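S.K.: Dropping the structure in here first, questions after.
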Amino acid sequence: MLGRTLFATALLAVSGAASAQSLPRPSEFYFDTDANTVRPVIAVREAGDAATEKLVKAIERNPRAKGEVAQLAHMAMGAGRLDLGKQLYTRALTAIDRSDSLWRAVVWNYGWDLYRAGDFEGAYTQWRTLVEARSVTASWMPPTLALSLWSIGKKDEAVQWYAAAVRTEPQQWNTSTKFASLLPDWSDTERSMLAEVQAAWATNPPTWP
């Protein structure tokens, strides 16, 4: 369980969030794998209470730990301890420079944890930060940003981003029939939401540019 020591750790977090802004216009194609971003942050291999205990002890020994704090944040969010998870994520990101190889993965995972907690605006903010951080056209961007934008009511922008997925891999994204294999880590609800975007795209495909 997440005990008193963990709460004490969380109190050291520094709060802060980027304000919501519009995304840049989508590029034509998105072929980059961006493997350093789309990965879990794993500092310890244990699961459940054993992982929590090991992570807390590691943070006690080294308050500047980054991966450990990020993994603990993910676990807290998954356990429904949303405020604690957000505090821990903020602490991790405060300690990580954008040039750090861990930074993009932490932001990516924080976005998904926020989205799955129902904080769609917060998730959008995290993913937008990744898009703006450096020039990369990653394959995760069109479907993820289409889902995010649709969820916050920016439906025209969502369709524009989905169109980038179709331009990049038309045989994969021009229908929703392959979503289960293309997006195995997404929930059925998330794939169903993206299917709404696909249907809107099919009704009126945007032109490029």
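FYI, it's all coordinate maths here, none of it is from the lab. Just so we're clear, the structure is a prediction, and the values are computed from it rather than from any experiment. All Cβ positions, glycine included, derive from the backbone under ideal geometry; neighbour counts span all protein chains shown.
S.K.: In debye, nearest 20: dipole of the chain around its Cα centre with unit charges on the Cβ of K, R (+) and D, E (-)?
M.R.: Details: 22 positive and 22 negative charges, 89 e Å.
Magnitude of the dipole: close to 420 debye.
S.K.: Evaluate the relative contact order of region 42-101 (contact order divided by residue number), counting alpha-carbon pairs under 8 angstrom at least 6 apart; express in whole percent.
M.R.: About 28 percent, as a whole number.
S.K.: For the chain, set up a Gaussian network in which alpha carbons nearer than 10 Å are linked by springs, and say which option among D113, D49, D156 fluctuates the most.
M.R.: D49
S.K.: Over the chain, what is the relative contact order in percent, taking alpha-carbon pairs closer than 8 angstrom and at least six residues apart?
M.R.: Value for the chain: 22 percent.
S.K.: Treating only the Cβ atoms of Lys and Arg (+1) and Asp and Glu (-1) as charged, compute the dipole magnitude of region 42-101 about its Cα centre; round to the nearest 20 debye.
M.R.: Dipole about the Cα centre, nearest 20: 120 debye.
S.K.: Let me ask another. Which of rounded, prolate, oblate describes region 42-101, given a ≥ b ≥ c as roots of the alpha-carbon gyration tensor eigenvalues and a/c under 1.5 marking rounded, otherwise prolate only if a/b is larger than b/c?
M.R.: oblate
S.K.: What full-extension length gain, to one decimal in nm, is calculated for D100 and K155 as 0.36 nm per residue of separation minus the Cα-Cα distance?
M.R.: Fully extending the segment from D100 to K155 adds 16.4 nm.
S.K.: I've got another one for you. Restricting attention to region 135-200, which trypsin sites (Lys or Arg not before Pro) occupy a DSSP loop and are surrounded by at most 16 other Cβ atoms within 10 Å?
M.R.: The qualifying sites are K178.
S.K.: Dipole of region 42-101 (Lys/Arg Cβ +1, Asp/Glu Cβ -1, origin at the Cα centre): which of S99, G85, A70 lies farthest to the positive side?
M.R.: Of the listed residues, the answer is S99.
S.K.: What FRET efficiency, computed as 1/(1 + (r/R0)^6) with R0 = 30 Å and r the Cβ-Cβ distance, is obtained for L82 and R45, rounded to the nearest 0.05?
M.R.: 0.75
S.K.: If I fit a long axis through the Cα atoms of helix 188-203 and take the longest principal axis of the Cα atoms of the chain, what angle between them do I get, 0 to 90°, rounded to 10?
M.R.: In the chain, helix 188-203 runs at an angle near 30 degrees to the longest axis.
S.K.: Shape of the chain from its Cα gyration tensor (a ≥ b ≥ c, root eigenvalues): rounded if a/c is under 1.5, otherwise prolate when a/b > b/c, or oblate?
M.R.: prolate
S.K.: Sequence gap of 8 or more, or different chains, plus Cα separation below 28 Å: how many lysine pairs satisfy both in the chain?
M.R.: Lysine pairs meeting both conditions in the chain amount to 9.
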